[in-house]
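These notes concern the structure reproduced below.
Nothing in this text is a laboratory measurement; each read-out follows from the coordinates by a stated rule. The model shown is predicted, which means the values in this text are computed figures rather than measured ones. Don't worry about glycine lacking a Cβ; one is built from the backbone with ideal geometry, like all the others, and counts go over all protein chains shown.
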Amino acid sequence: MADNVIEFKKVNKSFDETRVLNEIDFEIEAGKFYTLLGPSGCGKTTILRLIAGFADVTSGDILFEGQRVNGLPANERQVNTVFQDYALFPHLNVFENVAFGLEIRKLKKNEIKIKVDEALKLVHLSGYGRREIAELSGGQQQRVAIARAIVNEPKVLLLDEPLSALDHKLRKEMQGELRDLQRRLGITFIFVTHDQEEALAMSDQIFVMNAGKILQSGSPVDIYDEPINHFVADFIGESNIIPGKMRQDYIVNFDGQDFECVDAGMKPNEPVEVVIRPEDLDIAPIDTGQVNVTVDTQLFRGVDYQITAHDAMNNEWKINSIHPTKIGQTVALAFDPEDIHIMRYGETEDDFDARLETYD
Amino acid sequence: MKKWRISNLYLALVFIVLYLPIFYLIFYSFNVGDTMDHFSGFSWRHYATLLSDSRMISIVLNTLIIALLSSLIATIVGTMGALGIYSAKKATVKNGLLSLNNVLMVSPDVIIGASFLIFFTFLGFSLGFGSVLLSHIAFSIPIVVLMVLPKINELPKTMVDAAYDLGASSWQTLTKVILPAITPGIFAGYFMAFTYSLDDFAVTFFVTGNGFSTLSVEIYSRARQGVDLEVNALSTLMFIVSLLLVVGYYLLGRYNQNRRLQRVKAAEAKINQ
Ligand SMILES: Nc1ncnc2c1ncn2[C@@H]1O[C@H](COP(=O)(O)OP(=O)(O)OP(=O)(O)O)[C@@H](O)[C@H]1O
Ligand SMILES: [Mg+2]
């Protein structure tokens with residue numbers, strides 16, 4: 001496909017004997033915002049380093065616009081990186097940092113000046129050119145790092161947890177600015193984070209990783225609403241995961257009752273896991289909902305109350321509710337068939353997609 | 001309180017013992033008389049003799065030329081060596097090279113001097129300016145490596161990656177990123193090598209010949225022939241020069257520290273922000 005800027009084909013990466021990337025396969029389309037999401041040590045940075053050319057694959061192929069680029073040195077790739085620690089050059093000032101790539105490419109002085117000023121304006125740092133790096137705040141340094149990368153107009157911009165050092169407010173602000181920047185420039189972004197909220201807020205497409213594997217890829221909504229397994233459901237937001245049994249298509253049994261659901265394609269009486277998101281649960285007077293639970297704890301979080309409760313079978317329930325309850329009170333939980341998502345044990349993403357095809 | 005006093009007293013005593021001979025020497029360099037027996041009056045006499053002693057002046061120049069040249073070449077070679085050790089991929093190779101370097105650092109000058117003498121005579125290399133210069137370069141290189149290597153290790157690894165990422169070649173990465181970033185270390189290495197060369201006696205003593213001499217060797221041989229207060233005058237001047245070097249070195253250190261402080265402050269600001 002001509003639209004794919006980057007493709008990984010069965011990429012493996014080992015350090016000495018330890019395998020850190022396992023059969024990674026993915027395609028990156030031009031002009032979209034991608035996020036690699038996963039816990040610490042799962043191999044996100046390693047993937048970026050492979051794309052940038054700082055490391056070589058152990059086996060497999062990396063394609064850039066259809067061309068195999070294994071072994072192509074980093075300085076010949078049309079990719080730029082925003083490093084997690086910014087990696088600005090301390091002996092150069094802001095302008096010189098941003099101009100570094102352009103000077104390497106031997107652009108004319110006035111051309112460089114125009115481009116650098118434009119890039120600094122893009123990251124809201126106009127007039128900061130003369131400043132030394134040490135004189136900048138963390139958020140400003142991060143934006144210099146972004147300017148230094150985008151000024152080269154790469155086909156793909158790699159961002160390795162560029163917001164992790166910032167406080168909540170600045171972080172939110174920068175999320176918006178980055179997303180905005182990506183849309184304006186039309187550059188493909190590959191963004192690394194281990195913050196699921198950040199991933200959901202910013203991405204067109206998310207790759208959820210764990211232990212060197214991509215577990216699931218899809219739009220934020222797909223991944224949030226239809227996690228493929230326990231790990232993804234747990235990692236992407238809070239969830240109630242309850243063991244159950246698939247009676248037949250569209251009927252699932254858990255908590256000792258049968259419930260209507262919207263999933264199908266499993267074997268009769270197949271053991272499954274049932275996912276219900278805490279915010280999909282409504283609290284109702286006792287006996288007016290689907291399950292009765294007794295409230296154990298309640299925590300006010302500003303926008304809502306985070307409540308934990310247990311049912312008659314001693315399953316834990318997490319509920320997010322804008323209305324408070326009382327600890328020890330027994331209430332009913334109300335939810336709709338669409339709020340129930342069923343996960344099969346050990347189902348791969350391909351099998352999952354194939355099953356969805358059968359009844360969608 | 002008491003303990004503090006005793007330790008201070010001790011320190012003062014140590015410094016007095018260390019510096020007393022030097023000040024004694026300096027004091028008598030201004031003597032009118034020819035001996036250090038008693039001070040018979042102030043005069044610049046010995047300094048005048050020193051300045052009209054063309055042999056001594058040329059030796060001073062030799063010494064400076066050797067020191068400047070040897071430390072310059074040692075700085076270039078040593079910096080490249082440090083870069084080589086840094087970029088060694090295997091840990092065993094890296095540690096091996098570093099150990100070889102450190103062995104040279106700690107081995108006594110006498111042994112280094114003697115082995116150079118054997119080496120040069122074995123090669124039939126005539127002793128003189130060339131042999132002194134070569135051996136000074138040789139013993140200065142490990143010093144430079146030791147001063148520069150920590151600076152390279154301090155560089156964030158991603159900074160080098162960033163240079164490649166922005167399209168720089170290996171050479172451009174070296175000249176535009178790595179070398180500017182380790183310049184303070186290179187200067188410190190140069191200073192150290194310079195002072196080591198300037199006051200080296202043992203090695204030079206072994207490898208010099210053909211009438212070529214450096215200050216330390218010359219002063220040694222003159223002092224053996226009996227006290228000549230011209231040597232005192234020269235020692236005084238050398239002492240002042242070393243004092244200036246130390247002050248320069250100190251200021252360089254202060255400059256580095258300021259830069260580090262600035263960096264730390266920036267990092268703190270990043271966290272506090
Ligand atoms: N140069 C290396 N030598 C040996 N092991 C390495 C090397 N680089 C990474 N690893 C290992 O590879 C695994 C993946 O590392 P990677 O840096 O890609 O993780 P990550 O997903 O970016 O984690 P984080 O979120 O903490 O940054 C880790 O287990 C790490 O220990
Ligand atoms: Mg990482």
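Values as computed for the structure displayed
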{"item": "Residues of type lysines that A:Lys267 reaches as a straight line, Cα spacing below 23 Å, ignoring anything fewer than 8 places off in the same chain", "result": "A:Lys245"}
{"item": "Prolate/oblate/rounded call for segment B:123-203, Cα gyration tensor, a/c under 1.5 rounded", "result": "prolate"}
{"item": "Column: log10 I(q)/I(0), Debye, Cα scatterers of segment A:4-225, q = 0.08, 0.14 Å⁻¹", "result": "-0.28, -0.87"}
{"item": "Neighbour count of at most 10 Cβ within 10 Å plus DSSP loop: longest trypsin sites (Lys or Arg not before Pro)-free window in chain B", "result": "B:91-273"}
{"item": "Axial C-alpha extent at least 18 Å, average Kyte-Doolittle at least -1.0 - helices from chain B (DSSP)", "result": "B:2-28, B:54-87, B:91-106, B:109-123, B:129-154, B:179-198, B:229-272"}
{"item": "Projected label distance in nm at A:Asn292 and B:Leu68, using a 7 Å step from Cα toward the beta-carbon", "result": "9.9"}
{"item": "Candidates B:Gly128, B:Gly81, B:Gly41, ranked by Gaussian network fluctuation over chain B, Cα under 10 Å, top entry", "result": "B:Gly41"}
{"item": "Top of B:Phe23, B:Phe139, B:Phe212 by mean-square fluctuation, Gaussian network on chain B, Cα under 10 Å", "result": "B:Phe23"}
{"item": "Whole-number D in µm²/s for chain B (Stokes-Einstein; Kirkwood sum over Cα pairs; 37 °C, 0.692 mPa s)", "result": "149"}
{"item": "At most 11 other Cβ within 10 Å, DSSP loop - chymotrypsin sites (Phe, Trp or Tyr not before Pro), segment A:213-303", "result": "none"}
{"item": "Sites B:Leu123 and A:Asp117, calculated FRET efficiency, Cβ-Cβ separation with R0 51 Å, nearest 0.05", "result": "0.25"}
{"item": "Reduced Cα scattering model of the protein assembly as shown, Debye log10 I(q)/I(0), q = 0.06, 0.09 Å⁻¹", "result": "-0.56, -0.91"}
{"item": "Hits among lysines - C-alpha to C-alpha of B:Lys90 under 27 Å, sequence gap 8 or more where chains match", "result": "A:Lys13, A:Lys44, B:Lys151, B:Lys157, B:Lys176"}
{"item": "Within chain A: Cβ-based charge dipole about Cα centre, in debye rounded to nearest 20 (Lys, Arg +1; Asp, Glu -1)", "result": "2200"}
{"item": "Helix-only mean residue ellipticity at 222 nm for chain A, each DSSP H run of n ≥ 4 adding -39500 (n - 2.57), per residue, nearest 500", "result": "-8000 deg cm²/dmol"}
{"item": "Highest-fluctuation residue, B:Thr79, B:Thr183, B:Thr208 considered, GNM on chain B with Cα pairs under 10 Å", "result": "B:Thr183"}
{"item": "Peptide A:74-84 - average C-beta neighbours from other chains (10 Å radius)", "result": "4"}
{"item": "A:Glu260-B:Tyr250 pseudo-label distance in nm [points 7 Å out on the Cα-to-Cβ vector]", "result": "8.8"}
{"item": "Where only alpha carbons of segment A:282-334 are counted, the Rg and the Dmax (Å)", "result": "10.0, 31"}
{"item": "Cα gyration tensor, segment B:1-78 - rounded (a/c under 1.5), prolate or oblate", "result": "oblate"}
{"item": "Neighbour cut-off at most 10 other Cβ (10 Å), DSSP loop, GluC sites (Glu not before Pro), segment A:1-90", "result": "A:Glu17"}
{"item": "Qualifying lysines (Cα of each under 20 Å from Cα of A:Lys326; at least 8 residues distant if same chain)", "result": "A:Lys318"}
